[in-house]
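Every read-out reported here was derived from the displayed coordinates using simple, explicitly stated rules and does not represent laboratory data. Just so it is clear, the model here is predicted, and its values are computed rather than measured. Neighbour counts are summed over all protein chains in view; Cβ atoms, including those assigned to glycine, are modelled from backbone coordinates with ideal geometry.
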Amino acid sequence: MKLTNKRKKALEEYIAKKRLKSTRQRNIIFSEFFSYPGHHVTVEELYERVKKLSPKIGYATIYRTLKLFKECDLAFERNFGDGRTRFEPVKFEGEHHDHLICIACGKITEFENQRIEHYSREVASKNNFEVINHKVELYGYCSSCRRNK
Ligand SMILES: [Zn+2]
Ligand SMILES: [Zn+2]
C-alpha cells in the first residue's frame, strides 16, 4: 500500500474508533502537512500555507489536527527550545531519529546512531526502567555558522 493511503487508513480507523466526524478541513490539513517541503513545520508555518487554500481554517483547528495525527502515530511533536511547537511526519511505522539544532540559524539536522540507541536501552535496563520513548537533541552551531563565527 502506498504511504499516503496507509496514513489515510490509520487516520480513518482512529477517527472511527473515537467517533470523530471526518471533515473536509482535516483532509486539507492532511495533504498540506504530508506534502510540506522540509521537515519540522511549526503550527504557524502550516497555518500560513493552509490559510491560502482555505481561509476558514483557524489556527486552533490546525493545532488540534496535528495533535490528532500525533495520536495516530502519523506525526512527531517536537519542541526545540525556541518556544515554537513543530510537527514532522513519521516516515514509516516504528521510525525513530534524533536531532542536531543550530542555535544561530535554526537549522535542524536529523541523525540516527545505533550506539545511542543501544546505550539508552542499557541505562534503562540497569535502572529497571521501561522506556517507551526517548529523544536526543544536540544544540550548538552548524558548520556554516561555525565558519562565520
Ligand atoms: Zn547554523
Ligand atoms: Zn526530525
Next item on the list: Specify the residue that is farthest from ligand 1 (Cβ to nearest atom); the eligible residues are those in region 62-119 that are part of a helix (DSSP H, G or I) and crowded, with 18+ Cβ neighbours inside 10 Å.
Entry: Leu68
Next item on the list: Identify, from the list Phe129, Phe80, Phe69, the residue that is under 21 Å from Glu13 (Cα atoms) and out of contact with any Lys or Arg (no Cβ under 6 Å at 6 or more places or on another chain).
Entry: Phe69
Next item on the list: Would you please list the contacts, defined by Cβ atoms under 7 Å and residues six or more apart or on different chains, that run from a residue in region 124-149 that is more than 21 Å from Glu112 (Cα to Cα) and of a type in the set (A, V, I, L, M, F, W, C) to a residue that is away from ligand 2 (no atom under 16 Å from the Cβ) and part of a loop (DSSP other than H, G, I, E, B)?
Entry: Cys145/Ala104; Cys145/Cys105
Checklist line | Test: His134 is in contact with a helix residue (DSSP H, G or I) (Cβ under 6 Å, 6 or more places away or on another chain) and surrounded by 11 or more Cβ atoms within 10 Å (Cβ to Cβ) | finding: yes
